[in-house]
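Reading through the C-alpha cells given below for one structure.
The values are calculated or read from the model by the stated rules, or taken from the named source; none is laboratory data. As the structure is a prediction and not an experimental result, all values here were calculated from the model. Cβ placement follows ideal geometry from the backbone for every residue including glycine, while neighbour counts extend to all protein chains displayed.
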Amino acid sequence: MIKRKITMDEGDILKEIKRNSTRENKVMQALKKEDGLTWEEDRVVYMDERIYVPNNKRIKEMILEENHNSADVEYLERLRMLELIKRNYWWLELKEDVKKYIQ
C-alpha cells in the first residue's frame, strides 16, 4: 500500500471528507478489488494516491475555491486549475465541475 503525504492545506477539507461517508458505486467497486490502487485509511479513500472526494457540493467548492484563489492560479486557464486539483483529489465529473466554477 502506497501512502500519500497530506499537506497542511488539506486539513479542513479532510475533516469534511471524514464527516461524509457517501461513496459512489464506482468507488465501492474499486475498494472491493483490493488491488492496492484504491484503499481507505482513517475514513479517507485514496484512489491512485489521490484523495477521493465524495459527492458533496460543499467539499468540492472548498477544493475549487482553494485552487482557484491561490496565487499560482490567478491568471491561469481552466486546464491549469484542473491539473492542480488532480494532483491531490479525484471525484466523478471533476472536469465538468472545474469548468462550471470558472464560468
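Numbers for the structure displayed
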read-out: Tally, over region 29-46, of residues that are under 26 Å from Asp12 (Cβ atoms) and in a helix (DSSP H, G or I); value: 2
read-out: Restricting region 49-60 to residues that are touching a residue at least 24 places away in the same chain (Cβ under 8 Å) and either touching a strand residue (DSSP E or B) at 6+ places or on another chain (Cβ under 7 Å) or not in a loop (DSSP other than H, G, I, E, B) (or both), the residue that is nearest to Glu16 (Cα to Cα); value: Ile59
read-out: Single residue of Leu92, Leu64 found to be at pLDDT 90 or above, in a loop (DSSP other than H, G, I, E, B) and aliphatic (A, V, I, L, M); value: Leu92
